Structures are given as C-alpha cells and as structure tokens.
Amino acid sequence: MKIREKIVDRFFGRAIEARVKEGLKAASFLEAPTVDDAKWRRLTGNAHRELIPTAQDRMIEIAYWLWETNPLAGWLIDITTAFILAEELPYQTKDDQIKEVLDGFWKDPVNRMDLFLPKHVGELHIFGELCMPSFTAQQTGRVRLGYVDPAQIGVVVTDPENVKLQIGVLTKGWIGEIAGYGVDQKPKKYQIILPDEADYVMSATAKQLRSQFTDGECFYFGINNVTNSPRGRSSLLPVADWLDAYEQYLYDFADRWPMLNTFVWDMLVEGGTPELIKEQVQNLQKKSGSVFGHNEKVTLKAEAPDLQAAQAHEGARLLRNHIMGRFGYPEHWYGGGGDVNRATASEMDLPALKMIAHKQNYIKYVLENILGYQVRQARRANYLPQAKTGAEDFTVVTPTALAKDVSKFGSVVQQVAVALVSAEMQGWVDKDTARKLFATVMGFIGVDIDLEEVKAKIEQDQLNNANQDYLNPKKNVQGSKGQGFKVVGKR
C-alpha cells in the first residue's frame with residue numbers, strides 16, 4: 001500500500017466506510033434516493049432511473065403551474081386528452097350481466113367515470129402518474145375509486161428480482177389543518193392491484209414484502225418513464241423551460257407593443273434659429289384633421305419606430321414549434337397555419353396521429369385493468385357467475401386516431417377493381433388471386449374481408465341459382481302475367 005493510501009485509510013477510513021454503508025442502504029429497493037444518494041449507483045441490476053424526491057416534487061408543482069397558467073401547456077394536455085378518449089362508453093360486451101356490472105361501476109355516484117375519466121387522463125399527462133385506491137363492497141363486489149395526489153406518493157416499490165413488476169405504493173405522512181381541525185395523516189402502504197397471473201412470476205421476497213402492505217389496494221400507472229423507473233414523468237417536463245421562455249417572450253413583446261403604436265412629428269425648419277423652431281413647435285396643432293400651414297423652408301412628417309415586429313413573429317413561431325415538436329403536433333393545430341395548405345396539412349398530421357394512437361394504447365391498458373378488476377371482484381362476491389374458459393368478458397373501444405380520406409380511397413378502390421377485372425380477363429391472375437388483392441386494398445380502409453367466407457357464399461349462391469333453373473325451366477320464357485310466349489315456326 002502506498003504512503004498516501006495509508007494516510008487516507010488511517011485518518012478517513014471510518015468516514016469512507018460510513019459513507020459506503022449509506023450508499024448501500026440507498027441502493028436498497030425500499031429506500032428512496034435522496035440528494036446525497038444521487039452520488040451512488042445501485043450494485044444490482046435493479047438500478048434507479050428515477051428523479052430524486054425533491055426533483056420529483058418540484059416537477060409536479062411546475063407541471064401543475066404550467067397547466068394552470070400557460071395557455072400552450074394547457075392546450076397540449078387538453079388536446080391530447082380529447083383525441084385519446086371516446087365520446088361514448090369505452091367498453092363493449094355481449095354478456096348482459098357483465099354489462100350491468102360495468103354500467104353500475106361506470107355510473108356509480110362516487111366513481112362518475114364519465115366525468116372523472118377525462119380528468120384522470122389529463123392528470124396522468126400533467127403529473128406523469130395516477131394512483132387510485134380501490135374500495136370494494138363485499139356483498140356485490142362493486143368497486144369505488146379514490147385518488148392520491150402524486151405529491152403525496154413517496155416510493156413505488158417493485159419486485160427486487162423483477163423491476164417490471166410493481167407491487168406497492170408508500171405514501172407520505174403529513175400534518176395539517178382542515179376546516180380548523182388538526183389532521184395527522186400517517187403514511188399508507190397500498191398493494192398495487194395486479195392480474196391473478198402475476199402470482200406465478202412474483203418472487204418470494206416480493207410476496208413477503210407485499211404482505212406488509214396492509215392499508216388497502218390501489219391502481220398505479222406511470223408514463224414517460226423507462227422500465228426500471230417506476231414513477232412516471234410529466235409530459236410537460238421536457239418542455240417546461242421552453243414553455244416558460246415562450247410565455248416570457250410574449251410578455252416582453254406585449255410590453256413593447258405600445259411603443260410600436262407610437263409616433264413623433266419630425267419638423268425641419270431650414271435656417272431656423274432656436275427661437276423660431278420653438279415658436280413653430282408651439283404653433284403645431286396636434287389634433288387629427290387640423291391644418292398646418294408652412295412655407296418651403298418647413299417640413300413636417302410623422303416618424304414611427306421600426307422595431308422589427310416581423311422578427312418577433314418568427315421568434316415566437318420558432319419557440320412554439322420547438323415545444324409542439326416534442327408532442328409531434330404541427331403548428332396549424334394551434335392556429336398557426338402559416339403557408340400550410342390542405343394537402344400539406346394532411347401529411348403533417350400523420351406523426352401527431354401516430355403518437356396519439358400510441359397514447360391511446362396505454363389508456364386502453366388502464367381501462368382494461370380497472371374494468372377487469374371490477375369483473376373479478378363481482379365474481380368473487382358471487383354476483384357474477386364464474387367465467388367460461390376462453391370467454392372474453394368485454395372489449396375496450398378507443399376512437400380512431402388516424403383520419404382517412406374516404407374520397408381518395410374510393411377512387412383507388414374503383415381503379416383497382418377495374419384493373420383486376422381486366423387482369424383476370426387477360427389471364428394474368430386467377431379469380432382467387434384477384435379476390436386476395438382486392439381484400440388487401442379494402443383492408444386499408446378498415447374493412448376486413450374473409451376470403452373463405454366470401455368464396456363459400458358465392459358458391460352457395462351459384463348452387464341455389466342452378467337449382468332454381470332446374471326446378472323452373474320455363475321461368476325465362478314467362479310473360480309479365482305468367483302466360484308463355486307463342487313460338488311461331490314453319491310447318
């Protein structure tokens with residue numbers, strides 16, 4: 001060991017050892033990272049990719065403030081929510097009993113999902129996470145949902161052997177005053193609601209930990225995070241500084257705008273003395289429509305400031321497009337059409353609609369979890385009969401995000417149909433291949449054609465027509481009143 005290392009070990013060994021122990025403690029999956037813990041990394045594969053708690057809390061406050069006060073930030077959240085959700089009930093089922101249970105959950109006076117689902121989707125994108133405690137009626141299995149402020153979430157605990165599996169939520173305790181009464185809220189430990197199949201992949205350690213979460217069950221969902229970062233991120237986080245800069249830019253321009261509307265009179269008096277110039281200025285009538293008389297030695301004109309307002313417009317557009325680009329939204333969605341025409345606008349919409357369809361898939365997953373849990377709870381309470389093997393209880397419906405130009409597709413379908421008829425007549429393709437090509441084209445419109453079913457139907461129709469011709473051979477020679485035509489021939 002070198003002399004320097006010996007000195008460091010002798011005088012600072014205990015301090016270093018204590019610091020290492022603190023770092024190892026922070027590496028535990030039960031401990032949330034702190035500012036000091038950020039200097040350490042986990043020694044296992046279950047490494048934190050989360051914001052430190054102070055940064056997470058700060059993000060929540062900033063995101064809420066931006067949504068509440070910044071018009072562009074509020075619009076980004078609202079337009080995303082509007083595109084994601086369906087206007088009608090987002091679920092369908094062929095089972096009347098299941099429909100009755102789901103309708104009861106959806107229209108429950110506490111749940112009121114028709115009102116709260118848009119709020120929850122917006123909150124999910126504002127805060128990046130959604131935590132809803134669940135309460136179940138023992139007699140009917142009816143599920144009612146609560147809500148936990150993301151600022152009150154302390155830690156989201158995962159399976160130490162599988163970070164993909166989230167098993168519990170630890171909330172923060174707080175002491176406050178409500179309506180004049182002191183409130184001491186202790187931390188809560190909620191089990192995250194998981195599918196029944198999760199028990200087969202949950203480790204023994206996770207099951208032991210999960211048994212300690214005795215304050216109830218909850219749903220937890222997070223977005224804009226990676227797999228080993230259980231807590232979600234706000235959709236406004238990457239553009240928070242730019243939203244603030246854009247707002248400040250507009251405020252500065254608004255402060256400068258009065259100066260753009262002002263002007264001064266520039267009076268030129270050739271060879272005039274200071275006294276004469278002063279007299280001319282005093283005689284100047286400043287009212288609109290007044291007459292100013294002068295000779296050729298006096299010139300008067302209005303001077304307005306040239307502060308390059310066009311450059312201010314381009315700067316605002318640059319900032320706005322940078323912010324909206326994170327969401328994939330084109331500028332004409334926010335009223336900034338510019339030089340965009342209808343043809344280019346439809347092409348610019350595609351990235352935005354693709355991203356919205358991606359977000360819809362996650363909301364579909366959220367609803368499948370919540371509604372599936374309601375059905376399971378109703379079955380456990382014997383309010384619903386047990387499920388049949390392979391039976392599907394319900395399907396979640398989301399609106400179509402990708403807009404389709406029906407007129408354009410109609411023209412294409414017509415051209416393809418004519419081309420296939422010609423190709424079949426020329427012997428370039430057989431009938432089955434032509435049907436397959438036509439079904440492929442129709443698939444782009446969203447119409448699924450079962451080729452086997454169509455072929456069987458055509459063959460059945462041909463068989464029926466042949467049988468009718470055999471049973472009624474004179475049907476083609478009958479008159480309008482059922483009398484046969486007279487055939488005249490040579491004797």
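If you check Leu124, Leu165, Leu89 for being assigned to a helix (DSSP H, G or I), out of contact with any Phe, Trp or Tyr (no Cβ under 6 Å at 6 or more places or on another chain) and in the same structural domain as Gln360 (by TED's automatic domain parsing), only one passes: Leu124.
Considering only region 385-395, I want to know if a residue exists there that is in contact with a Phe, Trp or Tyr (Cβ under 8 Å, 6 or more places away or on another chain), at pLDDT 80 or above and closer than 27 Å to Leu89 by Cβ. Reasoning before the result, please.
Taking region 385-395 as the starting set, the residues that turn out to be in contact with a Phe, Trp or Tyr (Cβ under 8 Å, 6 or more places away or on another chain) are 394-395.
After this cut, where a residue has to be at pLDDT 80 or above as well, the list is 394-395.
So of that shortlist, the ones also closer than 27 Å to Leu89 by Cβ come out as 394-395.
Yes, there is a match, as at least one residue in region 385-395 is in contact with a Phe, Trp or Tyr (Cβ under 8 Å, 6 or more places away or on another chain), at pLDDT 80 or above and closer than 27 Å to Leu89 by Cβ.
Here is the figure for region 285-309: residues that are farther than 30 Å from Asp252 by Cα and at pLDDT 70 or above total 10. Can you spot a residue in region 169-177 that is in a loop (DSSP other than H, G, I, E, B) and either among the hydrophobic types (A, V, I, L, M, F, W, C) or in contact (Cβ under 8 Å) with a residue 40 or more places away in the chain (or both)? No, region 169-177 has no match at all. There is no residue in region 228-250 that is in a strand (DSSP E or B), among the hydroxyl-bearing types (Ser, Thr, Tyr), in contact (Cβ under 8 Å) with a residue 60 or more places away in the chain and in the same structural domain as Ala387 (by TED's automatic domain parsing).
Only one residue in Asp215, Asp184, Asp196 is in contact with a strand residue (DSSP E or B) (Cβ under 9 Å, 6 or more places away or on another chain), among the charged types (D, E, K, R) and at pLDDT below 90. Which one?
Details: Asp215 fails: at pLDDT below 90; Asp196 fails: in contact with a strand residue (DSSP E or B) (Cβ under 9 Å, 6 or more places away or on another chain).
Checking each option against the conditions leaves just Asp184.
The residues in region 189-215 that are outside any helix (DSSP H, G or I) and of a type in the set (D, E, K, R) can be counted, and the count is 2.
Table: residues versus (1) at pLDDT below 70; (2) farther than 30 Å from Phe135 by Cα; (3) exposed (fewer than 13 other Cβ atoms within 10 Å of the Cβ).
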{"site": "Ile363", "(1), (2), (3)": "no, no, no"}
{"site": "Leu371", "(1), (2), (3)": "no, no, no"}
{"site": "Thr400", "(1), (2), (3)": "no, yes, yes"}
{"site": "Asp432", "(1), (2), (3)": "no, yes, yes"}
{"site": "Gly443", "(1), (2), (3)": "no, yes, yes"}
{"site": "Gln462", "(1), (2), (3)": "no, yes, yes"}
{"site": "Tyr470", "(1), (2), (3)": "yes, yes, yes"}
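Only one entry in Thr80, Thr140 is under 23 Å from Gly216 (Cα atoms), outside any strand (DSSP E or B) and among the hydroxyl-bearing types (Ser, Thr, Tyr), namely Thr140. The number of residues in region 61-98 being in contact (Cβ under 8 Å) with a residue 24 or more places away in the chain and in contact with a Gly (Cβ under 9 Å, 6 or more places away or on another chain) comes to 7. Residue check: Asp114 meets all listed conditions (1) among the charged types (D, E, K, R); (2) touching a Leu at 6+ places or on another chain (Cβ under 9 Å); (3) touching a residue at least 12 places away in the same chain (Cβ under 8 Å) but one, namely (3).
Inspect region 59-71 for any residue being in a loop (DSSP other than H, G, I, E, B), hydroxyl-bearing (Ser, Thr, Tyr), surrounded by fewer than 20 Cβ atoms within 10 Å (Cβ to Cβ) and modelled with pLDDT under 95 and give the result as yes or no. Checking region 59-71: not a single residue is in a loop (DSSP other than H, G, I, E, B), hydroxyl-bearing (Ser, Thr, Tyr), surrounded by fewer than 20 Cβ atoms within 10 Å (Cβ to Cβ) and modelled with pLDDT under 95. Screening Asp252 with (1) surrounded by fewer than 13 Cβ atoms within 10 Å (Cβ to Cβ); (2) within 40 Å of the chain's Cα centre (by Cα); (3) over 19 Å from Ala73 (Cβ atoms); (4) modelled with pLDDT of 75 or more gives one miss only, at (3).
The values are calculated or read from the model by the stated rules, or taken from the named source; none is laboratory data. All values reported here derive from a predicted model rather than from experimental measurement. All Cβ positions, glycine included, derive from the backbone under ideal geometry; neighbour counts span all protein chains shown.
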